[in-house]
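Report on the following structure.
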Amino acid sequence: TALDRKTSERTSFRVSLGWSRNDYQGLFREDDHYMVAASLRHRIFSMLYLEPTYRCIYRNSSSSGESYDRNQVMLRLSADLSPPVRHRTRAAPRAAMVSTTGFARREAIDLSGVYLGVHSSVEALTSRLRGPRRMGRSSLEADFGDHGVGGGLFGGIGSSWRGLYLGAEFDGELSGSDWSHNNRPDVRFFSLERDASYGAALRLGALLRPASLVYVRAGAERARVETRYRRGVADIVESDWDTAFRYGVGLESAGIAGTFVRLDYGFADYGTRRIDYGEGVDRIERRSTVFRAGLGYRFHSLLENSRQDPTEAAGAPILDLDGLY
C-alpha cells in the first residue's frame, strides 16, 4: 500500500509499506518479507523528474541464518512522455479548476521559527571486525549487524530567506538496536548495543512551494554504546558515551495549524573499538544508519498565511483535499 502527497505543482512524495510471505513446498521454511520506502519526485524540467528514494527490506525466515535486512538509497532520473494536460481534454469547465488554480497561486508558507516534535525510528547497527586468528598465522575480516526500533524528541529554530532555509536542531532518542555473535559461545562471543543518544546539527535546505522543505544536515552526536567481548577467561564489557559525526538528508511537508511531517535518513560513525583479549587484538568498527519519521509543530501560525491568500481575498474558494479519509 502507498500514500501519495502532492506538495506543489512540481513536487510530490510517496510512502509505501509492503508485506509478503514465501511458503516453501517440501521444506519446513517460511519467509516473511517487510518493506518500507519513501521517495520524493521533483520535476526539474518540462518532462524530466529527479526522484531520490529510500527503501528498507527485512526478511524474517524460520530457517536459521536466512534472515537479513537491506537499506537502499537510490537516485532516479525519469521522463514523462505523456502529452501535456492541455492536449488531453478541453471539456473541463474553468469553475471545476478553482482548487487547482488557487493551490498554484498560493504564496509559500514561512517555515521560520521555533519548532518541537516527536519521531519514531528504524536503525541498522553494523560493524566490521578485524583481528588475528590461529595464533597470528591468519587474520579475519567479517561484517556483523542487526536492526532495532526507537523513538525520541527533536526541536530547533530556523529561518527562511529567498527560497533557502538555515536552522539549528537538537534531538534525543532511546533505541533498542543491537547485534550479537554467539554461534560458538564456548570459543568466542561478542556483541554491540546502542541504547540512547543526543545530538545537535545544522540544517541547510531549499523551500519547495507552497509548504515543503528538502534539506541536508550535519552535526555531532553523543551515544551510549556497549561493547561485550568474551573469549576464554577474558570477559570484557565496555560501556561509554561516544561522540560521532552525523549527517543525513530529509523532507518536511507542512500540515494544518502549524503541524508538519518529516522523513529523515542519517548516518553516524562511532569509530573503532580496540579489544585486547590477551592473545591478540580485535578491532570493531561501529556504524549506524537511521530512518526517522516525525510529527512536529512550528510555533508560527500557518493560518496567518492562508488568510493573506490572494485567491481568498478575491472570494475564490479553495478546496483542501489533504488528510486522511
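The values are calculated or read from the model by the stated rules, or taken from the named source; none is laboratory data. Here the structure is a predicted model, which means the values were calculated and not measured. Here Cβ is always computed from backbone atoms with ideal geometry, including for glycine, and neighbour counts include all displayed protein chains. For accessibility, only protein heavy atoms count, side chains too; no ligands or nucleic acids. Shrake-Rupley method; radii C 1.70, N 1.55, O 1.52, S 1.80 Å.
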Applying the selection to region 62-90, what residues are touching a Leu at 6+ places or on another chain (Cβ under 9 Å), at pLDDT 80 or above and not in a strand (DSSP E or B)?
SER63
Got at least one residue in region 252-268 being acidic (Asp, Glu), open to solvent by 20 Å² or more (accessible area, probe 1.4 Å) and over 18 Å from PHE189 (Cβ atoms)?
no
Please go through region 6-42 and give me each residue that is open to solvent by 60 Å² or more (accessible area, probe 1.4 Å), in a strand (DSSP E or B) and closer than 22 Å to VAL216 by Cα, ordered by number.
LYS6, ARG14, ARG41
Would you be able to say whether some residue in region 148-171 is on the phi > 0 side of the Ramachandran plot, among the small types (Gly, Ala, Ser) and open to solvent by 40 Å² or more (accessible area, probe 1.4 Å)?
no
